[in-house]
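The values are calculated or read from the model by the stated rules, or taken from the named source; none is laboratory data. Note that the coordinates shown come from a computational prediction; the quantities given were computed from them, not determined experimentally. A quick note on method: Cβ atoms are made from the backbone with ideal geometry, for glycine too, and the neighbour counts reach across all protein chains shown. Accessible surface is based on the protein model in full, side chains and every heavy atom, while ligands, DNA and RNA are left aside. Shrake-Rupley method; radii C 1.70, N 1.55, O 1.52, S 1.80 Å.
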Amino acid sequence: MTVEEVLKISATTLDFFQEYQDYKEGVSLEGEEKVKLLLQAFHLVENELALNYFPLTYEEVWETSLGTIPFSSFEKKVVRVLKVQDALGNDVDFSLFPTYLKTQPGKVVVRYNYQPIEKELADDCEFELYVSASLMAYGVNSAFCLASGLFEEANVWDKKYKQAIESAYKSAPCKRIRARRWG
């Protein structure tokens, strides 16, 4: 799903799709402020989902002679290091410091959660599973209405957004313990 797909849904449901299209095609600048606000709302929602509900995970292979890997060298913005493994797939001890990760020297694989970067209209959304364009649009609509001072509408969209998150959460695979029967 692309950012534009989400914003089209939002512009349609918020009843300013024509302004959105005119701005996007360069016909009019009327919708410019709304489109910029929608894009900001998209970034807020994508970050909220990634940091609070559906963590984004990435792996990188590092070759290090000292066992020190600066966080600034990672391809994505590290939020939480999940595990570090050696070249054979064995878990390796690691320590976190404010600006770097310390582990054993040599080749290691670092698995971590990351924060999405800000995007433009043509960019792809970070989520591939469990998060639909409509779920994102509900959150964007809520944030857009809140920023626009439309508090009642923001509340309505926020309820839909939270319900969609709950529904997506239920469809995500998880381990469940079967109920025990006594007697």
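Listed residues Leu29, Leu51; which is modelled with pLDDT under 95, open to solvent by 70 Å² or more (accessible area, probe 1.4 Å), of a type outside the set (Lys, Arg) and not in a helix (DSSP H, G or I)?
Leu29
Just to be sure, is Leu135 assigned to a strand (DSSP E or B) and in contact with a helix residue (DSSP H, G or I) (Cβ under 9 Å, 6 or more places away or on another chain)?
For Leu135, the condition - assigned to a strand (DSSP E or B) and in contact with a helix residue (DSSP H, G or I) (Cβ under 9 Å, 6 or more places away or on another chain) - is not met.
Are any residues in the range 38-92 under 29 Å from Ile165 (Cα atoms) and more than 20 Å from the chain's Cα centre (by Cα), and if so, which ones?
Within the range 38-92, just Lys83 meets the criteria.
Is the range 143-158 home to any residue that is assigned to a helix (DSSP H, G or I), under 16 Å from the mean Cα position of the chain (by Cα) and modelled with pLDDT under 95?
no
For a quick check of your reading of the model, give me the residue pairs whose first member lies in the range 122-138 and is farther than 21 Å from Phe16 by Cα and among the hydroxyl-bearing types (Ser, Thr, Tyr), whose second is outside any helix (DSSP H, G or I) and open to solvent by less than 50 Å² (accessible area, probe 1.4 Å), with beta-carbon atoms closer than 8 Å and at least 6 apart or on different chains.
Tyr130/Phe54; Tyr130/Ala172
Quick test of your reading of the structure: Arg180 fulfils all but one of (1) over 22 Å from the mean Cα position of the chain (by Cα); (2) modelled with pLDDT of 95 or more; (3) of a type outside the set (Gly, Ala, Ser). Name the failing condition by number.
Single failed check for Arg180: (2).
Quick check, is Glu120 within 30 Å of Lys34 (Cα to Cα) and in a loop (DSSP other than H, G, I, E, B)?
Yes; evaluated as a whole, the condition is true for this residue.
Can you tell me which residues in the range 74-91 are closer than 30 Å to Tyr130 by Cβ and open to solvent by less than 90 Å² (accessible area, probe 1.4 Å)?
Phe74, Lys76, Val78, Val79, Val81, Leu82, Lys83, Val84, Gln85, Gly89
Considering only residues that are more than 23 Å from the chain's Cα centre (by Cα) and open to solvent by 40 Å² or more (accessible area, probe 1.4 Å), which ones fall in the range 101-119?
Correct list: Lys102, Gln104, Pro105, Lys107.
Which of the numbered conditions does Glu63 fail, given that it passes all the others? Conditions: (1) closer than 28 Å to Glu128 by Cα; (2) assigned to a strand (DSSP E or B); (3) open to solvent by 20 Å² or more (accessible area, probe 1.4 Å); (4) not basic (Lys, Arg).
(1)
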